[in-house]
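Inspection log for the structure reproduced underneath, given as structure tokens.
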């Protein structure tokens with residue numbers, strides 16, 4: 001399969017930068033998907049549903065392509081923490097997470113080519129957050145502006161200082177695209193990342 005047929009169904013620069021690590025040629029297309037959670041939907045289920053929806057929506061426009069969709073939802077006490085989108089909402093999220101364990105559900109879907117070709121999985125990452133004074137949280141928010149990140153923490157940046165420990169089978173899952181699982185899914189779709197051809 002021609003590697004140029006890979007499409008990332010995302011406008012996230014974090015996911016684009018992660019996919020670039022695999023040194024594959026790919027296109028980027030914005031999925032037209034409503035990202036609102038469904039009533040009563042568990043955070044893991046929301047992430048998985050949205051990853052699949054993003055991949056399938058773009059794949060319907062690019063039927064010959066292998067399309068990658070991903071979504072991440074942070075969970076604390078069974079409730080979802082979305083992207084805060086503002087300083088005040090981010091501060092509320094960070095204060096709520098102080099000294100607590102947060103699970104980041106990073107869902108990945110690979111669709112196509114063909115209507116029935118779909119692989120999907122959620123990769124969880126468990127994060128124990130530090131307890132920090134409000135002034136430190138405010139300082140972090142001013143410096144990193146993580147308003148477009150689930151849970152208001154850019155772990156790939158200064159947000160790592162908010163964290164006491166991380167447990168995951170894939171270190172890239174927390175940033176937004178689980179590359180270990182993705183490499184396996186691409187291989188299943190006929191694209192071997194380390195193929196010399």
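Coordinate-derived values only; no laboratory data. Owing to the predicted nature of the structure, the values given are computational and were not obtained by experimental measurement. With ideal geometry, Cβ positions are generated from the backbone for all residues, glycine too; neighbour counts draw on all protein chains shown.
Sort out which residues of the range 142-163 are without any contact (Cβ under 8 Å) to a residue 12 or more places away in the chain and under 13 Å from the mean Cα position of the chain (by Cα), and write them in order of number.
Hit for the range 142-163 is 154, nothing else.
When both residues are 6+ apart or on different chains and their Cβ atoms are under 6 Å apart, which pairs have a first residue that lies in the range 13-28 and is free of Cβ contacts under 8 Å to residues at least 24 places away in the same chain, and a second that is surrounded by fewer than 14 Cβ atoms within 10 Å (Cβ to Cβ)?
25/4
Could you check residue 71 against (1) more than 24 Å from residue 186 (Cβ to Cβ); (2) touching a strand residue (DSSP E or B) at 6+ places or on another chain (Cβ under 6 Å) and say which number it fails?
That leaves (1) as the condition not met.
Taking only pairs six or more apart or across chains, which ones have beta-carbon atoms under 9 Å, a first residue in the range 179-193 that is in contact (Cβ under 8 Å) with a residue 40 or more places away in the chain and on the phi > 0 side of the Ramachandran plot, and a second residue that is surrounded by 19 or more Cβ atoms within 10 Å (Cβ to Cβ) and not in a helix (DSSP H, G or I)?
Close Cβ pairs (under 9 Å, with a partner that is surrounded by 19 or more Cβ atoms within 10 Å (Cβ to Cβ) and not in a helix (DSSP H, G or I)) amount to 190/66.
Collect the residues in the range 15-28 that are within 16 Å of the chain's Cα centre (by Cα) and surrounded by fewer than 19 Cβ atoms within 10 Å (Cβ to Cβ), keeping them in residue-number order.
Residues satisfying the conditions are 16, 17, 20, 21, 28.
Which residues, taken from the range 177-191, are in a loop (DSSP other than H, G, I, E, B) and loosely packed, with under 14 Cβ neighbours inside 10 Å?
Correct list: 190 only.
Go through (1) touching a residue at least 40 places away in the same chain (Cβ under 8 Å); (2) out of contact with any helix residue (DSSP H, G or I) (no Cβ under 8 Å at 6 or more places or on another chain) one by one and return the number of the condition residue 139 breaks.
All conditions are met except number (1).
Quick check on this structure: which one of 63, 43 is surrounded by 21 or more Cβ atoms within 10 Å (Cβ to Cβ) and out of contact with any helix residue (DSSP H, G or I) (no Cβ under 9 Å at 6 or more places or on another chain)?
Of the residues listed, the single one that is surrounded by 21 or more Cβ atoms within 10 Å (Cβ to Cβ) and out of contact with any helix residue (DSSP H, G or I) (no Cβ under 9 Å at 6 or more places or on another chain) is 43.
Only residues that are without any contact (Cβ under 8 Å) to a residue 60 or more places away in the chain and part of a loop (DSSP other than H, G, I, E, B): list them for the range 39-73, please.
Of everything in the range 39-73, those that are without any contact (Cβ under 8 Å) to a residue 60 or more places away in the chain and part of a loop (DSSP other than H, G, I, E, B) turn out to be 39, 40, 41, 42, 62, 63, 64.
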